[in-house]
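Q: I'd like to ask you about the structure that follows.
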Amino acid sequence: MILETNMTEDKKTNLTFQTLSKRDKSLLKNRIFSSIYSCKRRKRIFRNTFAASVAIIIAIVTISMYNGDDKIPSIEKFAQTQSNRFNDQNVQLILSETEKVDITDADANITYSNSGEEVCIGTSGRVDQKVASSKGTVYNTLIIPYGKRSEIVLADGSKVWLNSGSKLVFPAKFALEKREVYLEGEAIFEVIHNKSKPFFVKSQNHEIKVLGTVFNVSNYDDDKAIYTVLKSGSVQINYTVNSIFNAEKNIRIKPGMMCTFDKTKRSTKETNVNVERYFSWRDGVFIFKNDSLKSIMKKISRYYNVEIVIANTARAKETFSGYLDVRDNIKSVLQIIKEAGPKGFEFKFSTDDKIIIN
């Protein structure tokens, strides 16, 4: 009943366009056109504002990328031009981009003079390069293939031990204000202290700043993280969390700590570790503590330059602890692991020079 009453009242009060006066018609017409104009104007403003916002965002990203490219240190740009020849037979020292020196010794020792112009290789070898007359920084590259190691003394006296499958880009002579090197792979650094001239170890989205200390860095392309282990001194790790806007963070670690930088998430994690585990390879010894067979074989594969396949997934997860002398041949090393592991651990050499663990 109430609904019907309302409908009746609505019919009585409902006005049609014909019943309006000329003045009312004119006012109503103006209101309608004004409303339509306002609606169109709001839509036009929204479109223009949206377009302007998109243009601003594109401009910011473009400027950030342009500025970001400008901010890439020249040593990183140079490193990107140097190919990784980790499967070559010999250690390679590339001087001034053009001259390549093959070093046939299994564990090559390289020493640079203070000027960077004289390079001693082993006990008798020597090569010269022009540095003082060069207009810009002269970068050299040391490439360590799988199965080899090398030790290098840089122009400032700092020592670097490079593990298998590693590349180090460095100036023949350091600049006046700072010392920079670029690393791919794994290395132990013993940096000469110089408070006024900090030492930087660079890689993509990651940088270690140090005044004088001993530390290990592991940064292989096929690893998901960069590992920095500090033995003595102090280091600051700078890393990029957002490459578009060049947002950076930094963290300091103390001796006895390892900083893990996740390459995908661009985040860090700090843990206390037994530092000797990460330095012993320099002396031909691997130290494991509850390490999976998969991770152990990955290290051995790099060290001896041989492909190792674990046929059983469950076996790959088995853990081992102990000391492993890798100065012996790989067959002796695998035999030691076999004796330390559970029954059924067997390995064989395939016809295509792979090692298969059953």
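Q: Do we have ASP352 as at pLDDT below 90 and within 18 Å of ASN163 (Cβ to Cβ) here?
A: no
Q: Follow-up question, since we're still on this one. Restricting region 219-241 to residues that are surrounded by fewer than 21 Cβ atoms within 10 Å (Cβ to Cβ) and out of contact with any Lys or Arg (no Cβ under 7 Å at 6 or more places or on another chain), which is nearest to MET258 (Cα to Cα)? Show your work before the answer.
A: So the first thing to find is which residues in region 219-241 are surrounded by fewer than 21 Cβ atoms within 10 Å (Cβ to Cβ), and the list is 220-225, 227, 231-234, 236, 238, 240-241.
Applying the additional criterion that residues be out of contact with any Lys or Arg (no Cβ under 7 Å at 6 or more places or on another chain) yields 220-223, 227, 231-233.
Details: TYR220: 16, ASP221: 19, ASP222: 19, ASP223: 16, TYR227: 7, LYS231: 9, SER232: 12, GLY233: 13 Å.
This residue is TYR227.
Q: In region 136-178, what residues are of a type in the set (Ser, Thr, Tyr) and either part of a strand (DSSP E or B) or closer than 21 Å to ASN194 by Cα (or both)?
A: Correct list: THR137, TYR139, THR141, SER150, SER158, SER166.
Q: Also: Taking region 265-277, which residues are without any contact (Cβ under 8 Å) to a residue 60 or more places away in the chain and not in a strand (DSSP E or B)?
A: To start, the set of residues in region 265-277 that are without any contact (Cβ under 8 Å) to a residue 60 or more places away in the chain comprises 265, 267-277.
Selection gives LYS265, VAL273, ASN274, VAL275, GLU276, ARG277.
Q: I would also like to ask the following. Only one residue in GLY185, GLY165, GLY157, GLY116 is of a type outside the set (D, E, K, R) and surrounded by fewer than 19 Cβ atoms within 10 Å (Cβ to Cβ). Which one? Can you show your working first?
A: Numbers: GLY185 fails: surrounded by fewer than 19 Cβ atoms within 10 Å (Cβ to Cβ); GLY165 fails: surrounded by fewer than 19 Cβ atoms within 10 Å (Cβ to Cβ); GLY116 fails: surrounded by fewer than 19 Cβ atoms within 10 Å (Cβ to Cβ).
Selected residue: GLY157, the only one of GLY185, GLY165, GLY157, GLY116 that is of a type outside the set (D, E, K, R) and surrounded by fewer than 19 Cβ atoms within 10 Å (Cβ to Cβ).
Q: Within region 252-263, is even one residue in contact (Cβ under 8 Å) with a residue 40 or more places away in the chain, charged (D, E, K, R) and over 30 Å from ILE337 (Cβ atoms)? Lay out the reasoning, then the answer.
A: Taking region 252-263 as the starting set, the residues that turn out to be in contact (Cβ under 8 Å) with a residue 40 or more places away in the chain are 261, 263.
Then drop every residue that is not charged (D, E, K, R), which leaves 263.
Going one step further and asking which of them are over 30 Å from ILE337 (Cβ atoms), we end up with none.
No: region 252-263 contains no residue that is in contact (Cβ under 8 Å) with a residue 40 or more places away in the chain, charged (D, E, K, R) and over 30 Å from ILE337 (Cβ atoms).
Q: Continuing with this model, one more query. Could you list all residues from region 314-330 that are charged (D, E, K, R) and under 24 Å from TYR146 (Cβ atoms)?
A: Filtering region 314-330 down to residues charged (D, E, K, R) leaves 315, 317-318, 325, 327-328.
Result: ARG315, ASP325, ARG327, ASP328.
Q: For TYR227, are the conditions met, namely being part of a strand (DSSP E or B), in the same structural domain as SER164 (by TED's automatic domain parsing) and either in contact with a Ser or Thr (Cβ under 6 Å, 6 or more places away or on another chain) or under 28 Å from ILE337 (Cβ atoms) (or both)? Let's see the steps before the verdict.
A: Details: part of a strand (DSSP E or B): yes; in the same structural domain as SER164 (by TED's automatic domain parsing): yes; either in contact with a Ser or Thr (Cβ under 6 Å, 6 or more places away or on another chain) or under 28 Å from ILE337 (Cβ atoms) (or both): yes.
It is true that TYR227 is part of a strand (DSSP E or B), in the same structural domain as SER164 (by TED's automatic domain parsing) and either in contact with a Ser or Thr (Cβ under 6 Å, 6 or more places away or on another chain) or under 28 Å from ILE337 (Cβ atoms) (or both).
Q: Quick check on this structure: which one of LYS178, LYS159 is at pLDDT below 95 and not acidic (Asp, Glu)? Step through it out loud before you land on a result.
A: Working: LYS159 fails: at pLDDT below 95.
Just one listed residue meets the conditions, LYS178.
Q: Right, another one. Among the β-branched types (Val, Ile, Thr), over 23 Å from the mean Cα position of the chain (by Cα), in the same structural domain as PHE170 (by TED's automatic domain parsing) and within 24 Å of THR213 (Cβ to Cβ): does that describe VAL131?
A: Values: among the β-branched types (Val, Ile, Thr): yes; over 23 Å from the mean Cα position of the chain (by Cα): yes; in the same structural domain as PHE170 (by TED's automatic domain parsing): yes; within 24 Å of THR213 (Cβ to Cβ): no.
When the stated conditions are applied, VAL131 does not pass them.
Q: Working carefully through the options SER166, SER232, find the one that is within 30 Å of ILE103 (Cα to Cα) and in contact (Cβ under 8 Å) with a residue 12 or more places away in the chain.
A: Numbers: SER232 fails: within 30 Å of ILE103 (Cα to Cα).
Just a single option satisfies the conditions, and that option is SER166.
Q: Out of region 275-292, which residues are exposed (fewer than 13 other Cβ atoms within 10 Å of the Cβ) and at negative phi?
A: GLU276, ASP283, LYS289
The values are calculated or read from the model by the stated rules, or taken from the named source; none is laboratory data. The structure presented is a predicted model; accordingly, all values stated were derived computationally and were not measured. FYI the Cβ positions are ideal-geometry reconstructions off the backbone, even for glycines, and counts take in every protein chain you see.
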